[in-house]
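K.L.:
My questions will all concern the structure given below.
The values are calculated or read from the model by the stated rules, or taken from the named source; none is laboratory data. Being a predicted model, the structure only gives us computed values, none of them experimental. Don't worry about glycine lacking a Cβ; one is built from the backbone with ideal geometry, like all the others, and counts go over all protein chains shown. For accessibility, only protein heavy atoms count, side chains too; no ligands or nucleic acids. Shrake-Rupley method; radii C 1.70, N 1.55, O 1.52, S 1.80 Å.
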Amino acid sequence: MGIEVKDLLSIHDLSTKEINDILDLAKTLKTQLKNGEQHHLLKGKTLGMIFQKASTRTRVSFEVGMWQLGGAALFLNANDMQIGRGEPVKDTARVLSRYVDGIMIRTFSHDEVIELAQFATIPVINALTDLMHPCQALTDIFTVLEHKGRLQGLKMVYIGDGNNMVNSLLQACAKVGMDISIATPKGYEPDAAIVAEALTVAAETGSKIVLCEDPLEAAKDADVLYTDVWASMGKEIEQEDRREVFVNYQINQNVMNVAKKDAIVLHCLPAHRGEEITEEVLESKQSVVFDQAENRLHVQKAIMVLLMGK
Ligand code: CP
Ligand code: NVA
């Protein structure tokens, strides 16, 4: 059990076995927590958490996770740090490496995270960039596994914006052999390089990847339905225009009717009811979004142990 790479920047950097190791350890840690068994696997270690964007789940789950592992976490608002006043990323990386044992970062530019990892001598965890959200997508497949008992051969359907979330889901599905159909409006497709890379991986694992524009065509026989906000953080200015473009890209009862009867519904949250998902579907029995939110804790603990406990 282990992860060869120093950092978790992208799911594409992980092998299928490493992904399975993360999922296995997350399950063990979740069971131990539920049984009240202590697991101080990162005793005395510290995690610096740099936030350039807002967060509820990521911040709380990483911070609580570190505590449960016997370590401590520091919330570092980028605007209160010198990095927010122009101190180079490469200097921040080397300074933090002298104090803490791991860095978690949420920011805009993916390249900034790559640079941080390059200069840091300690593990760096990507907690969302404009391009990817790997911790969330790993949590999502963990949640599917919990509810469905398997991943291979299942069909995930994503309806909405071709954003960071779907980019990471594509990478995750390709690696674990899960099919994924994605419906986005023209001009809002997932990142082309990530699609190309995922198609290559999928050819080996047997995952089927379909990109289309029609949400109902995509949703047919879905085992898992997924959506995310129409305007991600940083795109607020486009919110009004996007409301028009995305009006048909909603998980609603019509979509549920063409999916499998036992399909589950996922959303990384926060959700905009009445936009990408209806209140009815989000609050339905098929929606497992709060299990999914909880699982961020267990999966990220596994990631931290495997990266920082080496
Ligand atoms: N899903 C997710 O990353 O939530 P937060 O923005 O609240 O961290
Ligand atoms: N795509 C969303 C995910 C939030 C967790 C965003 O980037 O704002």
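K.L.:
Any idea what Rg and Dmax come out to for segment 88-188 if you just take the C-alpha atoms, in Å?
P.N.:
For segment 88-188, the Cα-based Rg and Dmax read 16.2, 47 Å.
K.L.:
Once amide H atoms are built 1.01 Å from N in the peptide plane, which residues 5 or more positions from ALA73, or in another chain, come under 5 Å H to H?
P.N.:
LEU47
K.L.:
Sequence-distant or interchain residues sharing an amide H contact under 5 Å with GLY102, placed H: which?
P.N.:
THR46, GLY48
K.L.:
Starting from the eigenvalues of the Cα gyration tensor, five times each then square-rooted, give me the equivalent ellipsoid semi-axes of segment 1-66, largest first, whole Å.
P.N.:
20, 20, 12
K.L.:
I'd like to compare 154-160, 209-215: which one has the highest average count of other Cβ atoms within 10 Å, and what's the full order after that?
P.N.:
For the peptides 154-160, 209-215, the packing ranking is 154-160, 209-215.
K.L.:
Taking the Cα centre of segment 224-271 as origin, sum charge times position over the Cβ atoms of Lys and Arg (+1) and Asp and Glu (-1), and report the length of that vector in debye to the nearest 20.
P.N.:
Roughly 280 debye for segment 224-271.
K.L.:
Return the long-range amide H neighbours of ILE209 (sequence gap of 5 or more, or a different chain), with a cut-off of under 5 Å between placed amide H atoms.
P.N.:
Here the answer is ILE180, since their amide H atoms fall under 5 Å of that of ILE209.
K.L.:
Next question, about the same structure. With the contact rule set at Cα under 8 Å and sequence spacing of 6 or more, what percent relative contact order holds for the chain?
P.N.:
20 percent
K.L.:
Okay, next question. Within the chain, what whole-number % of the accessible surface is contributed by carbon and sulfur, with the 1.4 Å probe and all protein chains included in the calculation?
P.N.:
With neighbouring chains kept in place, the figure for the chain is 50 percent.
K.L.:
Provide the per residue accessible area, probe 1.4 Å, for the chain, rounded to a whole number of square angstrom.
P.N.:
Accessible area per residue, the chain: 43 Å².
K.L.:
Taking 24 Å as the cut-off for C-alpha to C-alpha distance, list the pairs among LYS235/LYS261; LYS43/LYS301; LYS27/LYS53; LYS208/LYS285 that go past it.
P.N.:
LYS235/LYS261; LYS27/LYS53; LYS208/LYS285
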